[in-house]
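Presented below is the structure to which this report refers.
The values are calculated or read from the model by the stated rules, or taken from the named source; none is laboratory data. Here the structure is a predicted model, which is why all the values come from computation and not from measurement. Methodologically, a virtual Cβ is constructed for each residue, glycine included, from the backbone with ideal geometry; neighbour enumeration extends over all protein chains shown.
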Amino acid sequence: MTPDRTHHDIHRAIDAVWRMESARVIAGLVRMVRDVGLAEELAQDALVAALEKWPETGVPDNPGAWLTTTARNRAIDRLRHLKLRDEKHLQVAYELEQLQDDADRREEHLLDEPVGDDLLRLMFISCHPVLPPESRVALTLRLLGGLETGEIARAFLAAEATVAQRIVRAKRTLAETNVPFEIPRREELPERLSAVLGVVYLVFNEGYAASTGDDWIRPALCEEALRLGRVLAGLMPDESEVHGLVALMEIQASRLHARIGADGEPILLLDQDRSRWDRLLIGRGLAALERAQRLGGALGPYALQAAIAACHARAVTAADTDWVRIVALYDALAQLAPSPVVELNRAVAVSMAFGPQVALERVDALRGEPKLAGYHLLPSVRGDLLFKLGRAAEARTEFERAASLAGNGRERALLLARAAQCAP
């Protein structure tokens, strides 16, 4: 193997190690230095050191421990050189030095520290309610996903400078508001956990049905959300809604390859080739759903949505789908987490179970809902119901309106094609 090839392979290995270990390294540093921005900076310093040393020495046997030790040394040096006299930094410096003394004596056990707690703490910090939703997403993907700012920007089709500003502001906000670097107290957990799950699912949904751009799906975002969900399930094994969300994402992700055609065009659920659904992911999803139900979370919002997805996954053909059960599950979801979008989805299920006329009455009742004023799926669903009822001219108007509201190019083309089918 040529030196250039070896160098290239080392850099690929470093990139893979960083993707896997960066969250653990940063999480441990946050606990030590109590500053998200400084922790990330120190971890990046360790990455630079790896890029400099590993091409010469090779990848160490325990790369995560190497990065953690290097970052910890950087932290000690940084605090010494700053010569800060306030009690907080003096105490942090002392604790770091004590940790380093221990690590020097037992470096082989470096990763036996409570990494799980550290990662969980980092998840709750990056999704803290003090941050706006878009900042939570960017910071989570940055700290826990190991994604570069440019990658996050490309994933959400945002300007890199905009995403960079969100991340910078998020770190500043966490510092200025003195957000405690700890797992929330038991009484705070439901609300805070809901925020964490919401961010993970938002990332997944953007990958499953991209809101903008020319690609209908972005599998990399789905994979990242699934990875975060699985990590969270491992860290909080007794939280039913965590397993409910993982179940939902696993089952939904099983359809990704069947959701687009050879040229990237969207393929709707009822038209998909179900032999292309990933049975392994379906099995994992059903197992996660069963676990959520065993923990008493059968009626959690994510578990209910996962149960709906499971109805589709269990149907060998579209005609085998148990639409009556799906309607019942949407009834429960509407009571638990009422929203106009849930009502719209319930109307679709009603149309399949009881006919388009009954469903159209439900959809028409939503036309004055302010939250759905610019939602393209409202006229899309209404157009589909009108088409089934033989009211083609009205259906065409609805599909054209839906296309004008759609932000995704592929979905817009699909809606315009539906409109063309309604022509006299």
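Residues that are in a helix (DSSP H, G or I) and of a type in the set (A, V, I, L, M) were ranked within segment 313-325; the one that is surrounded by the fewest Cβ atoms within 10 Å (Cβ to Cβ) is A319. Number of residues in segment 331-342 that are free of Cβ contacts under 8 Å to residues at least 24 places away in the same chain, part of a helix (DSSP H, G or I) and either under 16 Å from E361 (Cα atoms) or of a type outside the set (S, T, N, Q) (or both) equals 3.
Kindly evaluate P60 against the criterion of being touching a His at 6+ places or on another chain (Cβ under 7 Å) and either at pLDDT 85 or above or within 20 Å of M123 (Cα to Cα) (or both). So P60 does not fit the description; no.
Selection of segment 253-312 for residues being in contact with a Pro (Cβ under 9 Å, 6 or more places away or on another chain) and surrounded by fewer than 17 Cβ atoms within 10 Å (Cβ to Cβ) yields only H257. Within segment 35-71, if we keep just the residues that are polar (S, T, N, Q) and under 28 Å from the mean Cα position of the chain (by Cα), the residue that is farthest from K171 (Cα to Cα) turns out to be T68. Would you check which residues across segment 385-424 are over 20 Å from Y375 (Cβ atoms) and either surrounded by 18 or more Cβ atoms within 10 Å (Cβ to Cβ) or in contact with a strand residue (DSSP E or B) (Cβ under 6 Å, 6 or more places away or on another chain) (or both) and list them? Selection gives C422 alone. Inside segment 154-167, residues that are touching a residue at least 12 places away in the same chain (Cβ under 8 Å) and assigned to a helix (DSSP H, G or I) make up a count of 5. Going by the conditions given, is A328 out of contact with any helix residue (DSSP H, G or I) (no Cβ under 7 Å at 6 or more places or on another chain) and either in a helix (DSSP H, G or I) or crowded, with 17+ Cβ neighbours inside 10 Å (or both)? Considered against the rule, which asks whether it is out of contact with any helix residue (DSSP H, G or I) (no Cβ under 7 Å at 6 or more places or on another chain) and either in a helix (DSSP H, G or I) or crowded, with 17+ Cβ neighbours inside 10 Å (or both), A328 comes out as yes. If you filter segment 126-153 down to residues that are more than 19 Å from Q44 (Cβ to Cβ) and in contact (Cβ under 8 Å) with a residue 40 or more places away in the chain, you find that the one that is nearest to the chain's Cα centre (by Cα) is V137. Scanning segment 383-407 for residues that are out of contact with any Pro (no Cβ under 9 Å at 6 or more places or on another chain) and farther than 16 Å from A420 by Cα turns up A406, G407. Those helices (runs of 4 or more DSSP H) of segment 349-424 in which at least 3 residues are under 16 Å from L270 (Cβ atoms), considering only elements entirely within it, cover 377-388, 409-421.
Against the criterion of being of a type in the set (D, E) and over 26 Å from L304 (Cα atoms), E411 qualifies.
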